[in-house]
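Visitor: Before we start, here is the structure in question, set down as structure tokens.
The values are calculated or read from the model by the stated rules, or taken from the named source; none is laboratory data. None of these values were measured; they are calculated from a predicted model. Positions of Cβ are backbone-derived with ideal geometry, glycine not excepted, and every protein chain shown enters the neighbour counts. Just so you know, the surface numbers come from the protein's heavy atoms only, side chains and all, with ligands and any DNA or RNA stripped out. Shrake-Rupley method; radii C 1.70, N 1.55, O 1.52, S 1.80 Å.
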Amino acid sequence: MNKFNYYLDYLNQKRPSELCHYTSYEALNNIVKQDGKLSFWVTEISYLNDHQEFFHGFDFLKKAYEKLKKENLENAKVTRFLDSLSPFFVFSEGIGSSLTFSQNSGVFVLSFTNEKDLLSQWRAYTPNCHGVSITVEPNFKSSHSSNSLLYPVIYNDKFKSEYAEHILKLGIDKCVEFTEANSFINQNVSSDVIMQMKTACTLMKDSSFSEESEWRYVVYGEIHENICLRSSEYYLIPYVNLKIENECFKKIVIGPNPHSELSKKSIELLLSKSGLQKVNVVKSTIPYRG
């Protein structure tokens, strides 16, 4: 990470040749389809296993917001603009990202990593370390291309602060420009900045997780008609589908497993039924410790 001096350099770094998604066998069976595409569930951030992740980035945005408010107390135009963002901080602090306040308010996330076979990933993202890592090319085409992005997660606190302040300052510059010309705050600017802040919250994690080398595919501004729901023990989970061409599907790594040979045979059968015989299936190099 030291090779990057500024957060934009870090976010816009060259993508790795391959990215991996750790998941369960049940999810694998849903992802591999027979229609020529893989189908991933991109989950609304409030419904991730650790929904508190949202608030880590939120805290950096709130600090930047309060700093800019203090610096611009004498500037009425900037103050009005910053005040127009206050509902985001009030509502988010109470309930996190919310789908209910507007038609396109949700932010959806799918996690990838550079690491194909990492013990901490097996522990964190598969049931009892039993699962698979799905390897894809990151330059896949998506039906969400106009409202999605794929960026590395930011672990560096300096970069997080730069990112948060830059979003707000760009909004201030645009809004001052509009108010000069039109004598009112352009609501579209405020809405755009709020969506950028929500997206930023998905891309910041505590530095203790840096070993994960995580990349996140984020979908924002999705209309309700395109949002699906799946059941869990306690509630329904909102998600959107990400379909990836099978040509981008490169490999499956089987996690530590006392029945790895049976697992390999069953996955190869699944791939064969879906016309994906060329996808390589390998076993984890990490020894199973039951």
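Visitor: Between region 38-62 and region 209-287, what's the alpha-carbon centroid distance in Å?
Guide: What the calculation gives is 18 Å, centre to centre.
Visitor: Accessible area per residue of the chain at 1.4 Å probe, in Å²?
Guide: 51 Å²
Visitor: Counting only the heavy atoms of the protein chains, how much of D9 is accessible to a 1.4 Å probe, in Å² to the nearest 10?
Guide: My reading of the accessible area for D9 is about 80 Å².
Visitor: Keeping every protein chain in place, order E233, E177, E268, E44 by accessible area at 1.4 Å, biggest value first, i.e. largest first.
Guide: Ranking E233, E177, E268, E44 by accessible area, largest first, yields E233, E177, E268, E44.
Visitor: Then there's this: Can you give me the angle between helix 53-71 and the longest principal axis of the chain, using Cα atoms only, in degrees from 0 to 90, rounded to the nearest 10?
Guide: 20 degrees
Visitor: Let me have the relative contact order for the chain, percent, based on Cα pairs under 8 Å that are six or more residues apart.
Guide: 31 percent
Visitor: Select from L262, N75, H166 the residue farthest towards the positive end of the dipole of the chain; place +1 on Cβ of Lys and Arg, -1 on Cβ of Asp and Glu, and compute about the Cα centre.
Guide: The listed residue farthest towards the positive side: L262.
Visitor: At 1.4 Å probe size, what's the solvent-accessible area of F91? Round to the nearest 10 Å².
Guide: 100 Å²
Visitor: Shape call for region 191-252 from the C-alpha gyration tensor, a ≥ b ≥ c root eigenvalues: rounded (a/c under 1.5), prolate (a/b greater than b/c) or oblate?
Guide: rounded
Visitor: Let me ask something additional. Which pairs in the list K14/K251; K33/K251; K69/K169; K3/K250; K77/K174 are over 19 Å apart, alpha-carbon to alpha-carbon?
Guide: Over 19 Å apart, Cα to Cα: K14/K251; K3/K250.
Visitor: Calculate, axis by axis, the spread of Cα positions in the chain along the three principal axes, and write the results as whole Å, longest axis first.
Guide: Between the extreme Cα coordinates on each principal axis of the chain lie 69, 42, 35 Å.
Visitor: Tell me which trypsin sites (Lys or Arg not before Pro) from region 108-211 have a DSSP coil assignment and no more than 14 other beta carbons within 10 Å of their own.
Guide: In loop regions of region 108-211 (DSSP not H, G, I, E or B), the sparsely surrounded trypsin sites (Lys or Arg not before Pro) are K141.
Visitor: So, one more: Give me the net charge for the shell around L236: Cβ to Cβ below 12 angstrom, other residues only, Lys and Arg +1, Asp and Glu -1.
Guide: Result for the neighbourhood of L236: -1.
Visitor: Short version: ³J(HN,Hα) in whole Hz for each residue of region 140-157, in order, from phi by Karplus 6.51 cos²θ - 1.76 cosθ + 1.60 (θ = phi - 60°), x for Gly and Pro, what are they?
Guide: Running phi through 6.51 cos²θ - 1.76 cosθ + 1.60 with θ = phi - 60° gives 6, 8, 9, 5, 9, 4, 7, 9, 8, 8, 10, 9, x, 5, 8, 9, 7, 4 Hz.
Visitor: How long is the gain from K265 to L150 if the chain were fully straight, where each residue apart is worth 0.36 nm and the alpha carbon distance is subtracted?
Guide: Taking K265 through L150 to full extension adds about 38.1 nm, to one decimal.
Visitor: Further question: Compute the acute angle (0 to 90°) between the alpha-carbon long axis of helix 260-273 and the principal axis of greatest extent of the alpha-carbon atoms of the chain; round to the nearest 10°.
Guide: For helix 260-273, the angle is close to 80 degrees.
Visitor: Given charges of +1 on the Cβ of Lys and Arg and -1 on the Cβ of Asp and Glu, with all other atoms neutral, how large is the dipole of the chain about its Cα centre, in debye to the nearest 20?
Guide: Roughly 720 debye, rounded to the nearest 20.
Visitor: How far, in degrees from 0 to 90, does helix 86-95 lean away from the longest principal axis of the Cα atoms of the chain, to the nearest 10?
Guide: The answer is roughly 40 degrees.
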